[in-house]
DNA sequence: TATTGTTATACTCTATAACTATA
DNA sequence: TATAGTTATAGAGTATAACAATA
């Protein structure tokens, strides 16, 4: 079990509190998801990029960086790796040759389908303790909080980075 | 807004899914909490240690490390900092002089009270969108999942580390 | 001169391994 | 020799700053 470390503790006197449970479960969910996509030889940041490209193909690296909330420099290596792997493609914009437009390849689309499968399995495993009614309840509550907290669309900041080598099926 | 980076994206076709929302909200909660305790000049790992000591005073660093799931080496610096600050205290065990027993000082207990206040404010802010009934519902659902996933007591692995300098009120 | 993408650099955090002292 | 704690080292990951090409 590759732990990250010393952290938090429940609010002294009474039990944990929902905010703490949220943080604890969120870290757990992120970790488990990282394990699963590692089987596809992917890290969460790579998955995020693939999905961002799929959501709106042809954007420049600058646009992607802004959308994902990351410094543009970081996208370089990310795109590099996925391009060498043949799932992403950079195309020069003839009108403005400074820009690259980033697209998924066919292999990229196939990979994305795999990712979808993995995500569904992950979702199922995470919610195993709840019946359908409870799952719907939970979703409603979480969505309400997310909206209230102004969380952007589907962008997740701060997934714990889990190196693929660290990931031999726990 | 000091972001961590490119990550994830919602399950392509349909909406986000609860597992993703959980991860997203969890990261958000951890981040916000880190901001709040930074006002007390503390990091989440420090808070975790303080609470662990409070929960069972007098344990050795080895025991604390095991309880928190972190390498013992890491506790050294953590205890050092909090001891210099006067909120923790190391006492030699006369029976076995290799061991230290770690205790809270009076200042440490005061600080812990502050932390409790901060944690309650955090909880309130996170759940602002929900009424009392909904809060109770959410808590029940989260606790059920946490139990099912075998999450240890009140230990949170993987809080995003937020350096106090990074923390000028967002 | 401004902007896209890139490379180079530095910094933070954490873990692993080597060392000291007690037993 | 084994164990508690410490120090020293190295690694992963990220951000900041300097650079080249294009506009």
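Assorted remarks:
- Of all chain B residues, the closest to the B-onto-A rotation axis by Cβ, with that distance in whole Å, is B:26, 1.
- Averaged over the residues of peptide A:124-134, the number of Cβ atoms from other protein chains lying within 10 Å of each residue's Cβ is 4.
- Averaged over B:135-147, number of beta-carbon atoms from partner chains that fall within 10 Å: 6
- Footprinting exposure proxy ranking of A:123, B:83, fewest other C-beta atoms within 10 angstrom first, gives B:83, A:123.
- Förster radius 51 Å - calculated FRET efficiency between residue B:80 and residue A:148 (Cβ-Cβ, nearest 0.05): 0.80
- Between region A:83-137 and region B:85-116, the alpha-carbon center distance in angstrom: 48
- The value given for region A:39-88 is a Kirkwood hydrodynamic radius of 10.9 Å, derived from the mean inverse Cα-Cα separation.
- Per-q log10 I(q)/I(0), region B:91-142, q = 0.17, 0.23 Å⁻¹ (Debye; single scatterer per alpha-carbon; no solvent): -0.69, -0.87
- Across identical copies of the chain, residue A:106 has label-point separations of 7.7 nm, listed in ascending order, with the point defined 7 angstrom from Cα along Cα→Cβ.
- Likely footprinting exposure, A:112, B:78, fewest C-beta neighbours within 10 Å first: A:112, B:78
- Relative contact order of region A:12-142, taken over Cα pairs closer than 8 Å and 6 or more residues apart, is 22 percent.
Bear in mind these aren't lab numbers, they're just calculated from the coordinates by the rules spelled out. Since we're looking at a predicted model, the values are computed, not measured. All Cβ positions, even for glycine, are placed from backbone atoms using ideal geometry, and neighbour counts span all protein chains on display.
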